[in-house]
Amino acid sequence: MTRARSPPHGAAMKATPLSNCERRFLLRAIQEKKRLDGRQCYDYRNIRVSFGADRGCCMVELGRTRVLAQVSCELVPPKPSRPTEGVLFFNLELSPMAAPGLEPGRQSELVVSLNRLLERCLRDSKCIETESLCVVAGEKVWQIRLDMHLLNHDGNITDAASIAGIVALCHFRRPDVSVQGEEVTVYTPEERDPVPLSIHHMPICVSFAFFHQGTYLLVDPTEREERVMDGLLVIAMNKHHEICTIQSSGVVMLLPDQILRCSKITAVKVAEITELIQKALENDQKARKEGGKFGFAESIPNQRITAFKMESAAVDTNDVEEQAGEIIAKADPPSEVFANPVLHTPGTAQIGEGIESSWGDLEESEKEETAEEEGESEAAAFECEKVETEDTSTLRETKSDEPIVLSDSEEEEVVILEPQELPRKTRTQTSSKQENPSKKAFNKRRRKKRTSR
């Protein structure tokens, strides 16, 4: 049993500080034995365990705190001091994805203290038989690596990580191995069934938060409760009431009676959590044996938006013809239908009920519109022609006359000014531009009348 002192978890994060009003509100609620989520002082949040498609992969949800755990293995040389024992490696990673106050790529004090606590809980408690991981003494042993990732932080990382770690280790299966002389053969899952790890017991951590110098006690504190707490006590215990490790942090001096009281509460909580873990493992094992659906995708409830699946419902198609006949018999008879075509105007036809076609009327109205707009376009063209004739007459007059000569007696220089043909081109372009808008306006009117009718 080990006892260490370290700063509380809430102090190691660089999170947004609470305001004085929030702090006073939380402390006042704790004095009145009330919590923000409606729990009692000794109540745990809901625990949910789900497994991935691969062995050794699981996700634990403690309220809104989520931890993903994955176990892997490989053959490595053993340590010289322990040639017949396997190697255990544990790692917990905290990323800004879980909480904005967590810093990436840096081993903060919070990460170091959590990893040390998990190592004492899982390795030093001897919950895994390391000698069963030996393949060839002094040459090859199995290295079991447990990686845990914090997906969302809402308080009490220690308990969620310890549950996820022991569940992943119990769910993991390593490949089977055979040794013939100096040759080591590793079999695939298709050739031989994988072998589970030899686990003696399940150590689980339970956290207690103290307020007002140890006067008030809460189990499973949330992230906001961790910010205002004075101290934290973590007890790791198995269902046999064996304490694996104890860690106290903060500025609270605990009395022996308080520690004994917390240990009794821990024994009750550990028994409940262990039973929940065993049921989850049995359900997953049963689903895999029966060939049912398993994995993270299948564990999502149907009520959530992220689940694109529905429960299958059986449809009886035996009495479909009889039901269809009854429906047709009860329905109203169909209305009379004209089989022969009805000719309203030349060029149109109608079969059945409907409204008389108005294509002929449209054609007559279009003819009237075209006649009116043709008259307008002719008048515009006539005006353009008048302008062009006037321009040409002025140009001819200038051509018939003599060029204009500007002379200077002193410098004896002569400048001859001759008319250019540029104005004619520009005027012809403007006349063509004037014609285009008239056509566009005609087309727009025609379309509006068609759509209105």
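Computed from the coordinates by the stated procedures, all read-outs in this text should not be read as laboratory data. No experiment lies behind these values; they were computed from the predicted model shown. In this analysis, Cβ positions are derived from the backbone assuming ideal geometry, glycine residues included, and neighbour counts consider all displayed protein chains.
At-a-glance table
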{"quantity": "Nitroxide proxy distance, nm - points 7 Å out along Cα→Cβ at S72 and S132", "calculated": "2.4 nm"}
{"quantity": "Most to least packed among 120-128, 58-66, 78-86 [average Cβ atoms within 10 Å]", "calculated": "58-66, 120-128, 78-86"}
{"quantity": "Residues with amide H under 5 Å from that of I204, placed H, sequence gap 5 or more", "calculated": "M237, N238"}
{"quantity": "Entries of K33/K239; K126/K239; K34/K239; K79/K126 with Cα pairs more than 21 Å apart", "calculated": "K33/K239; K34/K239"}
{"quantity": "Mean Cβ count within 10 Å, highest first, over the residues of peptides 254-265, 320-331, 212-223", "calculated": "212-223, 254-265, 320-331"}
{"quantity": "Spin-label model distance (nm) - E103 vs E282, 7 Å beyond Cα toward Cβ", "calculated": "4.8 nm"}
{"quantity": "Pair A331, H200: separation of 7 Å Cα→Cβ label points (nm)", "calculated": "7.7 nm"}
{"quantity": "Base-10 log of normalised Debye intensity for the range 36-293 (one unit scatterer per alpha-carbon) at q = 0.08, 0.09, 0.10, 0.11 Å⁻¹", "calculated": "-0.35, -0.43, -0.53, -0.64"}
{"quantity": "Nearest-0.05 FRET efficiency for R48 and K79, computed from C-beta distance (R0 30 Å)", "calculated": "0.20"}
{"quantity": "Gain upon complete extension [E242, E290; 0.36 nm per residue less C-alpha separation]", "calculated": "13.6 nm"}
{"quantity": "Residues in the range 170-195 reached by a label modelled at E139 [backbone nitrogen below 16 Å; 7 Å Cα→Cβ]", "calculated": "177-186"}
